[in-house]
1. Taking only the alpha-carbon positions of region 44-109 and ignoring solvent, what does the Debye formula give for the base-10 log of I(q)/I(0) at q = 0.21, 0.28 Å⁻¹?
2. Per 0.36 nm of contour for each residue apart, how much would the distance between residue 65 and residue 31 grow if the chain were fully extended, relative to their Cα-Cα spacing?
3. Modelling each spin label as a point 7 Å along the Cα-to-Cβ direction, I'd like the residue 76/residue 54 distance in nm, to one decimal.
4. Measuring from label point to label point, each 7 Å out along Cα→Cβ, what is the residue 42 to residue 93 span in nm?
């Protein structure tokens, strides 16, 4: 018997062992972010809008999962402070938010139309 009775909920949410479906999803996500970064480097303004939408969806999912843990599994709150969770989930979200701030407020004339 598993020591954690809520492990199936964590696995359903994508936190847990590595399987091919999870690995393919992660690699697809890395490829998508790499392509968005390439398009941003090319100066395409729609790519930063796409990054904004994807980060917003990720932030909403993060907030939903955080609320779910707090309401339904309060004994699992210490898990949210473990380095594995912080590095795998919270840090990429914070870095995306910083990148969006830099793209929208610190980009200068990078995305202006050129004559």
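We did not get these values from a lab; they are worked out from the coordinates using the rules stated. These numbers were taken from a predicted model, which means no experiment stands behind them. Counting neighbours? That spans all protein chains shown, and the Cβs are built from the backbone with ideal geometry, glycine included.
1. Log10 I(q)/I(0), no solvent term: -0.88, -1.20.
2. 9.8 nm
3. 2.7 nm
4. Inter-label distance under the simple model: 3.1 nm.
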